[in-house]
1. Exposure proxy check: 41, 279 ranked by fewest other beta carbons within 10 Å?
2. Toward the positive end of the charge dipole of the chain, about the Cα centre and with charges on Cβ (Lys, Arg +1; Asp, Glu -1), which of 189, 330, 9 goes farthest?
3. Output the DSSP H helices from the chain with an along-axis C-alpha extent of no less than 20 Å and a mean Kyte-Doolittle hydropathy no less than 0.0.
4. I'd like the antiparallel share, as a percent to the nearest 5, of DSSP beta bridges with both residues in the chain.
5. Would you mind telling me which residue in 253, 67, 95 has the biggest mean-square fluctuation in a Gaussian network model of the chain, where springs connect alpha carbons within a distance under 10 angstrom?
6. So how do 155, 406 line up by other beta-carbon neighbours within 10 Å, fewest first?
7. Taking 0.36 nm per intervening residue step and subtracting the Cα-Cα distance, what contour gain separates residue 30 from residue 163 on full extension?
8. In terms of modelled amide H atoms, which long-range or inter-chain residues lie less than 5 Å from the amide H of residue 176?
Amino acid sequence: MQLTEKIQSLNERQLAAHRHRFEFLAGQLSSTADVLAKLRKFQVAIPSWALGTGGTRFGRFSGGGEPRNLSEKIADVGVLHALNRSGGSMSLHIPWDVPDDVEAIRAEAGAWGLRFDAVNSNTFQDQPGQPLSYKFGSLHHVDSAVRKQAVRHNIEVIRQGEALSSKALSVWLSDGSNFPGQLNFRRAFQNTLESLQEIYAALPADWQLWIEYKPFEPNFYATTIGDWGQSLLLANKLGPKAATLVDLGHHLPNTNIEQIVSLLLMEGKLAGFHFNDSKYGDDDLTVGSINPYQLFLIFCELVEGMDQRQMDHATAIGWMIDASHNVKDPIEDLLQSVEAIKIAYAQALLVDRPALQVAQQENDTVRCQEILQAAYRTDVRPLVAEARLRENGALDPVGAFRTLGIRNELTARRGSDAIATGL
Ligand code: PSV
Ligand code: MN
Ligand code: MN
């Protein structure tokens, strides 16, 4: 039996209970059809680097059956997408995942109904045989020869992305300094800008450059693109194809991320997201596992801001996950992350916007909170499940993954010692 047929037969067993829950919820809502249509369209890109156990710098404890090459990573995302119908694209990290036969890779992805989202460059590690080291940075380096090497790599990644029909280059730099006085801040920033200008000039007409920021790690005194202000400054200087990418874990504790998102959107400079969750730093934990309310508030800003600008929620910005850990099955972990994103999105769609606007205008703070939390406290899981069902996905993706013994099958095929490449 094909995977989709297996999923359907599992769904049949759960259908009556689901119907009951869904109809009860739909009976209380006025916008069910609209929310369902939006949920069905919404897709989140899966990072090629999250399909193996990873997530900590201290050790990897493989559960077995991990993908050993790009083809197997595509197959894992294909399985995930068959289960939840919301992981229809993949974000590749180069050179961790370089397609040696582009046509074959495109065909494999196509067979699973997948496309390629942003490609990610890597100048935060030295690669075997690389002439110059990135020990002291890449695009910001004091030595122009190192900068040029890093620029060339980024342009090469664009070319590889073009072959895959990606439409964006995502740049995360570890460039920074660990000690005061190590670096001239302005020169480092200027060097980064000039390097990015060269990369920007190599972008195809319909491409974008997404600039990630991060205030710490692996540099702990200063990071050259440390926050959204520095990223936005670069994006504004570069031009309309450049924008700021928000990785939820790349903020100092208690930063108001939803406010950042709101303003970037207003400026037309929100590239998209790397979703994850964290308690302390760049923990890369499963989305929604620590602070689902923050995720909801971010989606509230997104829905409101996008509707005001008449942007298509599903396609206007990049929706990606950047999370992985070593105590969970990577596919289950990703299924949970996508689910958390869709739950937050659905809840944000339920916010009574006109009523909120009136309450804001009247400075009725109590009512504002009541309105937001009425949406947040709605259990939208039957709605998300119904959207999935209508797309022929599983009513319960994690449950189906387990009941169908998918990891065991993968382990039998790939071996119990198979560890994902890259990372
Ligand atoms: C390192 O912090 C990081 O997690 C960044 O968020 C990048 O997006 C990711 O690695 C992959 O390069
Ligand atoms: Mn990231
Ligand atoms: Mn990170």
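1. Working: 41 14, 279 10.
Ascending number of Cβ neighbours within 10 Å: 279, 41.
2. Comparing the listed Cα positions along the dipole, 9 ranks first.
3. Qualifying helices: 70-84, 292-308, 330-349.
4. Working: 3 of 29 bridges.
Of the beta bridges lying entirely in the chain, close to 10 percent run antiparallel.
5. Looking only at 253, 67, 95, the biggest GNM fluctuation is shown by 253.
6. By the 10 Å Cβ count, ascending, the order reads 155, 406.
7. Once the chain is fully extended between residue 30 and residue 163, it gains 43.4 nm.
8. Distant-sequence amide H within range of residue 176: 224.
Rule-based calculations on the coordinates, nothing more; no lab input. As the structure is a computational prediction, the values presented were derived from the model and not from experiment. When we count neighbours, we look across all protein chains shown, and the Cβ atoms used for this are built from the backbone with ideal geometry, even at glycine.
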